[in-house]
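Shown next, in structure tokens, is the structure this report addresses.
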Amino acid sequence: MTVALPWMIGVAALVMVSLWGIQLRTRDAATADVGWAFLVAGGVLTAAVVTEGDLLRRVVVGAMGAAWALRLAIFLLRDRVLHATEEDGRYRALREHWGERAGRNFLGFYLAQAVVAGLFVLPIAVAMQGGPLTWSTAVAIGVWLVSVGGETIADRQLARFRADPATRGQVCRDGLWRYSRHPNYFFEWLHWWAYVLVAPGQWLTLLGPAAMLLFLFRVTGIPYTEQQALRSRGDRYRAYQRSTSAFIPWPPRPEQG
């Protein structure tokens, strides 16, 4: 793993600089999210090859991590880039805020995604190390299936809602979105616990759920998403906030009035 690290860093930087160059022409920075997910998938697969440890463990954990990242990357590519009619609201706000410095600042942002991708590859690579798999692997796979399945369902429900012209300006309360304002984020966070369970005692695996929770609540997740929703949906979204859990799926509270 140590020998391959410089090559992984170089490839990640090259990929993100290339995507940054593309967004200079398209003015769509959603490719940063797509690039991040593909880098995680590539990093996990590389780690599965070069990391020392039981072969079956590396295959199982590598397949879990790569499948999760590839599903996310393909979904983001289709939903946020290929089929999008405008740039994601988070990036439009950043572009307006940065003004003439947007080109330079987005370069730093894209390169930062390469660093963050490495951060999230680390707990999966740690989970690959060690001896044969134990009984906890069955629990881990169960958590993985529930979380990836839940995230997939939530993403599809929201994409279907957004694609319907009749719902423009409304708030999605379909399916899982009735019970959480961000079910896709919840299941994405839950997914990281699979690596904690597959490698009990490897405390660095806790970096996954801890870092994801930090990013979702303090960096690029819930705060920016909700600010954009309030700007575009106003009182409808405020009513949704009052009645619906922000994160963990939970029965909605009765709306007053």
Could you list, in sequence order, the residues of region 204-257 that are acidic (Asp, Glu) and assigned to a helix (DSSP H, G or I)? 226, 235
Among the residues of region 73-107, which ones are within 28 Å of residue 165 (Cβ to Cβ), part of a helix (DSSP H, G or I) and touching a residue at least 40 places away in the same chain (Cβ under 8 Å)? 75, 76, 77, 79, 80, 81, 89, 90, 91, 93, 94, 95
Answer residue from region 98-112, given it is within 19 Å of the chain's Cα centre (by Cα) and among the aliphatic types (A, V, I, L, M) and is surrounded by the fewest Cβ atoms within 10 Å (Cβ to Cβ) among those: 112
Which condition from (1) part of a loop (DSSP other than H, G, I, E, B); (2) under 17 Å from residue 122 (Cβ atoms); (3) touching a residue at least 60 places away in the same chain (Cβ under 8 Å) is the one that residue 201 breaks? (3)
Of these, 70, 39, which one is at pLDDT 95 or above, more than 25 Å from residue 142 (Cβ to Cβ) and in a helix (DSSP H, G or I)? 39
Do the conditions hold for residue 63, that is, is it in a helix (DSSP H, G or I), buried (at least 16 other Cβ atoms within 10 Å of the Cβ) and at pLDDT 95 or above? no
Which of (1) touching a residue at least 60 places away in the same chain (Cβ under 8 Å); (2) more than 20 Å from residue 224 (Cβ to Cβ); (3) acidic (Asp, Glu); (4) in a helix (DSSP H, G or I) does residue 52 not meet, given it meets every other one? (4)
Any chance residue 118 is touching a residue at least 40 places away in the same chain (Cβ under 8 Å) and within 23 Å of residue 153 (Cα to Cα): no
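The values are calculated or read from the model by the stated rules, or taken from the named source; none is laboratory data. The model shown is predicted, which means the values in this text are computed figures rather than measured ones. Don't worry about glycine lacking a Cβ; one is built from the backbone with ideal geometry, like all the others, and counts go over all protein chains shown.
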